[in-house]
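Enquirer: One structure coming up, written as structure tokens, with questions to follow.
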Amino acid sequence: MMKSQTLVVTVIAALAVMSTGYASIPMAHAHGVQAQLQSRFVRILDESFSAQTVHTGDTVTVTGTLQSLVNTPLRAWLSLFSDSTNAGNRWEFLARDPPGNIFTINPQQSIPYSITVRALEPGIYHVHTQLNIEHIGPGLGPGQTVQVTGPAILKPVPWGNVAYQVILIGAGLGVTFATRPWQVI
């Protein structure tokens, strides 16, 4: 009886130590590897950046090619994803090619693209082309580190847009409360 209790306690202690050890193993990260679902649909090729070090107010142009890997047309839009050492991530979009917000990638088509942005806030950013495909989701290109120096450029807050959003949120809340059946708790 005593040997079986000792064995159970020893096994539980060993499991606790092994699980703690497993939890402390460092995580592996593979930067630049496309694990997103749409990498099966569209591949971002030849991503390149016009500069790696810029001053606030300077522009950076990201170019590359989008290669469709499927036999159906896809609706998509381009953006940039940037992570940084600060909380800013401040870029002003100046131009996109293909132009407009949403474009179609035809089956097996290769589309050259470019995105031009202006740096607004200093920091060290890792910037990626972000391709968003309708009903599939976003995917990132390999990316490049871009260092921005200089004073921050502050853009005025579009108070008309803020007021519009507040009105929409208020109207939505009003409809929600007006149509909610009141309950006694």
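The values are calculated or read from the model by the stated rules, or taken from the named source; none is laboratory data. No experiment lies behind these values; they were computed from the predicted model shown. The accessibility values were calculated without ligands, DNA or RNA, using every heavy atom of the protein model including side chains. Shrake-Rupley method; radii C 1.70, N 1.55, O 1.52, S 1.80 Å.
Enquirer: Can you run phi through the Karplus equation (6.51, -1.76, 1.60; θ = phi - 60°) for the range 43-52 and list ³J(HN,Hα) in whole Hz, with x for Gly and Pro?
Expert: Whole-Hz 3J(HN,Hα) from phi for the range 43-52: 10, 8, 10, 6, 5, 9, 10, 6, 7, 10.
Enquirer: What translational diffusion coefficient, in µm²/s and rounded to a whole number, does the Stokes-Einstein relation yield for the range 77-127 at 4 °C and a viscosity of 1.567 mPa s, taking the hydrodynamic radius as the Kirkwood radius over Cα pairs?
Expert: Details: Rh = 12.6 Å.
Roughly 103 µm²/s, to the nearest whole number.
Enquirer: On to the next question. May I ask you to give the solvent-accessible area per residue for the range 73-165, in square angstrom, as obtained with a 1.4 angstrom probe?
Expert: Values: 5020 Å² over 93 residues.
For the range 73-165, the per-residue accessible area is 54 Å².
Enquirer: Could you work out the percent of alpha carbon pairs in the range 129-185 separated by over 18 Å, rounded to a whole number? Present the calculation step by step, with values, prior to reporting the outcome.
Expert: Details: 1149 of 1596 pairs.
Tail of P(r) above 18 Å: 72 percent of Cα pairs.
Enquirer: Stokes-Einstein D for the range 64-163 at 37 °C, 0.692 mPa s, Kirkwood Rh over Cα pairs, in µm²/s?
Expert: Roughly 216 µm²/s, to the nearest whole number.
Enquirer: Let me ask something else about it. Which percent of the accessible heavy-atom area of the range 113-185 goes to carbon and sulfur, probe 1.4 angstrom? Provide the component values of the computation, followed by the final result.
Expert: On the way: 3140 of 4630 Å².
It is 68 percent, rounded to a whole number.
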